[in-house]
Amino acid sequence: TVPALPPPAGDDEAERQAYERARLAHEREAAARAEAALARTRIAESLEAASGEAIPAVLEGARAERHALTPFGGAEAEALERRIDEALAQAERRHATYLAGLANRAELEALVQQAEQLAEADLATVRQGFAVLEAKWAERTAEAQLPELTARFQAVAARLRERQGAVRVEQAQHEQEH
């Protein structure tokens, strides 16, 4: 009998090299998918964080970056594309709201000043007057985002609630004494 010949040594090496090439290709593909997902996530996050006058530049940059992205498929890609679409739409709405706020800024500033003056007046006078101002404020700010004016108006409302609370406590103490 003739002994079996060992397999040619080149076959093992060729198989190992093929495996190594396939493994490296898989790693490159996984890294490319991860980078593509990260790039899309960054675009969505920048859009979601944009505010005020910076929104138009962020929108423009996001659209340019999105256009330059490498193609990438699958469920993750679809979800990220939907997130970018939603972030674009939300940023456009926030910018429209910001512009509406700018258009009403002078009127809102006047309302805040009236409220601040009213906050120091006699509480009997304040109640009805402030209710009217609050209604105007709610109507005018429904489509506006002006955080600094909103904070000032809310501070006035809090100050009035504190004053009214103090008067109620004082009245209750007075009633207990008599």
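Values in this text are rule-based calculations from the coordinates and carry no lab data. Being a predicted model, the structure only gives us computed values, none of them experimental. We place every Cβ from the backbone using ideal geometry, glycine too, and count neighbours over all the protein chains shown.
Listed values, structure above:
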| read-out | value |
| --- | --- |
| Sites E170 and E86, calculated FRET efficiency, Cβ-Cβ separation with R0 45 Å, nearest 0.05 | 0.30 |
| Label point distance in nm, A77-V132, each placed 7 Å from Cα along Cα→Cβ | 6.2 |
| Segment R33-E177, length gained on full extension (0.36 nm per residue, minus Cα span) | 44.2 nm |
| Unit charges at the beta carbon, dipole of the chain: most positive-side option, A57, H67, H178 | H178 |
| Estimated dipole of region 102-178 in Debye, rounded to 20 [Cβ of Lys and Arg +1, of Asp and Glu -1, Cα centre] | 140 |
| Top of A32, A62, A124 by mean-square fluctuation, Gaussian network on the chain, Cα under 10 Å | A124 |
| Amide H contacts of F72 (H built 1.01 Å from N, under 5 Å, at least 5 apart or other chain) | none |
